[in-house]
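Q: Okay, here's the structure, questions in a sec.
Please treat every number below as a calculation from the coordinates, not as lab data. No experiment lies behind these values; they were computed from the predicted model shown. Please note: Cβ atoms are built from the backbone with ideal geometry, for glycine as well, and neighbour counts cover all protein chains shown.
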Ligand SMILES: Nc1ncnc2c1ncn2[C@@H]1O[C@H](COP(=O)(O)OP(=O)(O)O)[C@@H](O)[C@H]1O
Ligand SMILES: [Mg+2]
């Protein structure tokens, strides 16, 4: 029997500059089991905006959280950056003999998000704005399975649809966890730009749930999202979740990265 599905989330911070050896290993892994590769887009989007002289719009919402504001133009930029990323990922795998289908979760109707109306501070006033971002509410496992059967590897952009919008920005880490759950994946690997969860300059090899709360002040930003997504996946029965920098094989074998454990 084929080995169960592996979900690899490749962070936007690293997706554009993974070395050839990383892709060699990815191709080797993909030859032995079904892989769903979910990619982020932060650095490519930043580069695109730098080229056009645009700044991200950061706003504070009614709950006091600051975040990137996603309007139709930002979504279009994400879409364009992702078309390019999917093509490059398929190319890297293809030239190593791995067949890949690539899709975006919105167009393929695999991911459904919920966009809540929120108010944002604009010029000193709380104002309703359409921020086209929201959490995943549903993954169409049938469509996902169909895409996955079509090739060795599925390259998936975590954009979603919603009842109101054809495309919605969603958090790629949480999306990867939900995709892993829908695919009944055995493992989830989150490849990022740091060796793993760092505490006082050292990488934590294993992180259990009881260790998470006291470490909360030291795990922030993008890493906080990963840890929360990791526990969502573990609670839903995903056997192994690893976060860090390195090849898929090294991360899975525990040679690098942080393994997040249920207990
Ligand atoms: N304790 C921590 N250990 C490692 N990284 C952390 C920690 N706390 C915050 N971070 C930040 O999380 C980042 C990884 O998340 P992010 O930038 O979103 O990457 P990705 O593009 O892979 O999603 C690291 O580069 C680091 O700046
Ligand atoms: Mg991130």
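Q: What ranking of 161, 52, 203, 153 emerges when the number of other C-beta atoms within 10 Å of each C-beta is taken as an exposure proxy, fewest first?
A: 52, 203, 161, 153
Q: Figure the gain on full extension for residue 138 and residue 48 (residue separation times 0.36 nm, minus the Cα-Cα span) and round it to one decimal in nm.
A: Extra length from residue 138 to residue 48 when fully extended: 29.4 nm.
Q: So what's the projected area for the stretch 188-263, the Cα convex hull averaged over all directions, in nm²?
A: Values: hull surface 17.9 nm².
That works out to 4.5 nm², a quarter of the Cα hull's surface.
Q: Mind putting together the pair-distance distribution for the stretch 1-82? All Cα pairs, 10 Å bins, whole percent per bin, short to long.
A: 15, 35, 27, 17, 6, 0
Q: Also, quick follow-up: Describe numerically, in nm with one decimal, the distance between label points set 7 Å from Cα along Cα→Cβ at residue 215 and at residue 184.
A: Reported label-point gap for residue 215 and residue 184 is 3.1 nm.
Q: One quarter of the convex hull surface, Cα atoms only: what value does that give for the stretch 106-258 in nm²?
A: Working: hull surface 44.7 nm².
Seen from a random direction, the Cα hull of the stretch 106-258 projects 11.2 nm² on average.
Q: I would also like to ask the following. Sort 5-11, 58-64, 227-233 by the packing proxy (mean of other Cβ within 10 Å over each peptide's residues), most packed first.
A: 5-11, 227-233, 58-64
Q: Give me the mean projected area, in nm² to one decimal, of the convex hull enclosing the Cα positions of the stretch 94-140.
A: That works out to 5.6 nm².
Q: Just from its helices, what would the mean residue ellipticity at 222 nm be for the chain, if runs of 4 or more DSSP H residues each count -39500 (n - 2.57) and the sum is divided by every residue, rounded to the nearest 500 deg cm²/dmol? Could you put the intermediate results ahead of the total?
A: Working: 8 runs with 91 residues, N = 263.
Using -39500 (n - 2.57) per qualifying helix, the result is -10500 deg cm²/dmol.
Q: So, one more: When a footprinting reagent is the concern and you count Cβ atoms within 10 Å, what order do 235, 25 take, fewest first?
A: Neighbour counts put them in this order, fewest first: 235, 25.
Q: Roughly how many nanometres apart are two label points built 7 Å out from the Cα toward the Cβ at residue 61 and residue 198?
A: 2.9 nm
Q: If you don't mind, there's one more thing I want to ask. Does a label point 7 Å from the Cα of residue 96, set along Cα-to-beta-carbon, have any residues of the stretch 32-62 with amide nitrogen under 16 Å, and which are they?
A: So the set is 32-39.
Q: Then there is this: Quick one: what do you get for the chain if you divide its Cα Rg by 2.2 N^0.38 Å? Walk me through the intermediate numbers first.
A: Working: Rg = 18.0 Å, N = 263, 2.2 N^0.38 = 18.3 Å.
Cα-based Rg divided by the globular estimate yields 0.99.
Q: Top mean-square fluctuation among 53, 145, 134, Gaussian network model of the chain, C-alpha springs under 10 Å?
A: Per the Cα network of the chain with a 10 Å cutoff, 53 tops the list.
Q: Determine, for each peptide in 215-223, 136-144, the mean count of other beta carbons within 10 angstrom over its residues, then list the peptides with the highest first.
A: 136-144, 215-223
Q: Once you've got the GNM for the chain with C-alpha springs shorter than 10 Å, pick whichever of 34, 226, 95 has the biggest mean-square fluctuation.
A: Looking only at 34, 226, 95, the largest GNM fluctuation is found for 95.
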